[in-house]
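The structure appears right after this line, and notes come after that.
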Amino acid sequence: MKHILAPYLPEHATDTVFELIKLYGVNLKIVNERITRHGDYRRDGNGYHQITVNSSLNKYRFLITLIHEIAHLAAFEKYGRSIKPHGDEWKSTFQKLMVPFIRPEIFPNQLLPLLARHFKNPKASSDTDATLSIALKQFDERSEKNYIFELPYGSSFRIHNGKVFKKGAQRVKRFECLEVSTGRIYLFNPNAEVELLP
């Protein structure tokens, strides 16, 4: 299992991650990319703990996602199934599990202060933290997509499901964008990846 996992993780994280997988009895599946999530955790009817993580993630996002999902399992085991999935119990568990990894042997120096800030109060998704998300994406394979924040005001873009939008004004953190076919306004995070249209 360790040799299968190693290509997806930073080199110095593999042993510690493998120990966590053994400790919690995780059945890990590395799956094809899903647009709506990086990973998930489920306990099946037989009590097996299954975690899936997208194979397309860069090694730093893969590590964060895998520990995020193991934190769900660990929090449910410790506090019971009635806790909120991303409540205080999960946050403290995620923080404790991530601490051994937030060091320069594992993450590049430019990510360390962003990770330290993020893990003071981790969110349900690292994508919600736009600064960290953009910093992590620099380690992705090259893409033809653009971030919303990079697009000029009024430009048209397409999202993964084919819907076309026109970029509007920034409202606090997110951008108001008009869906061209319906005239409805949607809010987009600045780090949403889209296809700029001519």
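The values are calculated or read from the model by the stated rules, or taken from the named source; none is laboratory data. Only a predicted model underlies this, so the values are computations on that prediction, with no experimental measurement involved. Neighbour counts are summed over all protein chains in view; Cβ atoms, including those assigned to glycine, are modelled from backbone coordinates with ideal geometry.
Below is a table of values for the structure above.
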| quantity | calculated |
| --- | --- |
| Residue check for Phe149: more than 21 Å from Tyr60 (Cα to Cα) and in a helix (DSSP H, G or I) | yes |
| Candidate set: the stretch 1-55, residues that are in contact with a Leu (Cβ under 7 Å, 6 or more places away or on another chain), among the hydrophobic types (A, V, I, L, M, F, W, C) and under 24 Å from Gln138 (Cβ atoms); chosen: the one surrounded by the fewest Cβ atoms within 10 Å (Cβ to Cβ) | Leu9 |
| All positions within the stretch 18-33 that are more than 19 Å from the chain's Cα centre (by Cα) and basic (Lys, Arg) | Lys22 |
| Residue that is modelled with the lowest pLDDT [pool: residues in the stretch 118-150 that are out of contact with any helix residue (DSSP H, G or I) (no Cβ under 7 Å at 6 or more places or on another chain) and among the small types (Gly, Ala, Ser)] | Ser143 |
| Search result, residues across the stretch 122-132 that are of a type in the set (Ser, Thr, Tyr) and within 12 Å of Thr65 (Cβ to Cβ) | Ser125, Ser126 |
| Unmet requirement for Asn161, which otherwise passes all of (1) modelled with pLDDT of 95 or more; (2) farther than 22 Å from Leu66 by Cβ; (3) of a type outside the set (A, V, I, L, M, F, W, C) | (1) |
| Pairs where the first residue, in the stretch 76-104, is closer than 18 Å to Thr65 by Cα and the second is of a type in the set (Phe, Trp, Tyr) and surrounded by 14 or more Cβ atoms within 10 Å (Cβ to Cβ), C-beta under 6 Å, 6+ apart | Glu89/Tyr79; Gln95/Phe119; Met98/Phe119 |
| Matching residues, the stretch 56-112, being surrounded by fewer than 21 Cβ atoms within 10 Å (Cβ to Cβ), basic (Lys, Arg) and assigned to a helix (DSSP H, G or I) | Lys59, Lys78, Lys91, Lys96 |
| Test: residue in the stretch 126-133 that is in the same structural domain as Tyr60 (by TED's automatic domain parsing), exposed (fewer than 14 other Cβ atoms within 10 Å of the Cβ), hydrophobic (A, V, I, L, M, F, W, C) and over 14 Å from Tyr60 (Cα atoms) | no |
| Tabulated pairs, the stretch 153-170, first within 13 Å of Pro198 (Cβ to Cβ), second small (Gly, Ala, Ser) and in a strand (DSSP E or B), C-beta under 8 angstrom, 6+ apart or interchain | Val164/Ser156 |
| Residue count, the stretch 114-131 (criterion: over 10 Å from the mean Cα position of the chain (by Cα) and not charged (D, E, K, R)) | 9 |
| Any hit, the stretch 164-171, residues being outside any strand (DSSP E or B), outside the structural domain of Phe62 (by TED's automatic domain parsing) and out of contact with any Pro (no Cβ under 6 Å at 6 or more places or on another chain) | no |
| Breaking point among (1) in contact with a Pro (Cβ under 9 Å, 6 or more places away or on another chain); (2) at pLDDT below 95, for Ala75 | (2) |
| Residue match in the stretch 17-27 (condition: outside any helix (DSSP H, G or I) and not β-branched (Val, Ile, Thr)) | yes |
